[in-house]
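Novice: Before I ask anything, let me first share the structure, which is written out below as structure tokens.
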Amino acid sequence: HPARHWAQVAVGQQEEALRFTYRQFARRAPRGFAGKTGWLTPWGQTNRLLVGPFETRAAAQAFLDAIEQEAQIEGLTFESSNGQEVERLAGR
């Protein structure tokens, strides 16, 4: 698991709820989410819902800017550390 750049769009404990959130966001911002994949990584007692990976932090920020403009979806950039487990969101 190499270090990578991501866009974090939500946090939550239940994977099923995060899958639902991802689907809702993808419907609200179809242009921004086109060709993208959802991912999860643990964050304390919860999980980060990520989109990516992106080549650079700037590319992740450009995605976030696009979905905010398209559908008022806010997020932040996140860089996973080398060795940090990031799993593909099931059902997507």
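Novice: Report the relative contact order of the chain, percent, no decimals, based on alpha-carbon pairs under 8 angstrom and at least 6 residues apart.
Specialist: In percent, rounded to a whole number, it is 47.
Novice: Restrict the search to the chain; then list the GluC sites (Glu not before Pro) that DSSP places in a loop and that have at most 12 other Cβ atoms within 10 Å of their Cβ.
Specialist: Loop-located and lightly packed - 55, 74, 85.
Novice: Once every DSSP H run of n ≥ 4 in the chain is given -39500 (n - 2.57) and the sum is divided by its residues, what mean residue ellipticity at 222 nm do you get, rounded to the nearest 500 deg cm²/dmol?
Specialist: Roughly -11000 deg cm²/dmol at 222 nm, from the helical runs in the chain.
Novice: Here's a follow-up. Starting from the 7 Å offset along Cα-to-Cβ, what nm value, one decimal, do you get for the label separation of residue 37 and residue 13?
Specialist: Once both label points are built, they end up 2.9 nm from each other.
Novice: Which parts of the range 17-41 would a label at residue 56 reach, counting a residue when its backbone N lies under 16 Å from a point 7 Å out along Cα-to-Cβ?
Specialist: none
Novice: When a/c reaches 1.5 or more, the comparison of a/b and b/c decides; with that in mind, is the chain rounded, prolate or oblate per its Cα gyration tensor?
Specialist: oblate
Novice: Here's a follow-up. Would you grab the residues whose amide H sits under 5 Å from the one on residue 4? Only those 5+ places off in sequence or on another chain, please, with H modelled 1.01 Å from N.
Specialist: Answer set, sorted by chain and number: 80.
No value in this document is a laboratory result; all are computed from the given coordinates. Every value quoted in this text rests on a predicted model; they were computed, and no experiment measured them. Cβ coordinates were reconstructed from backbone atoms using ideal geometry, including for glycine residues, and neighbour counts include every protein chain displayed.
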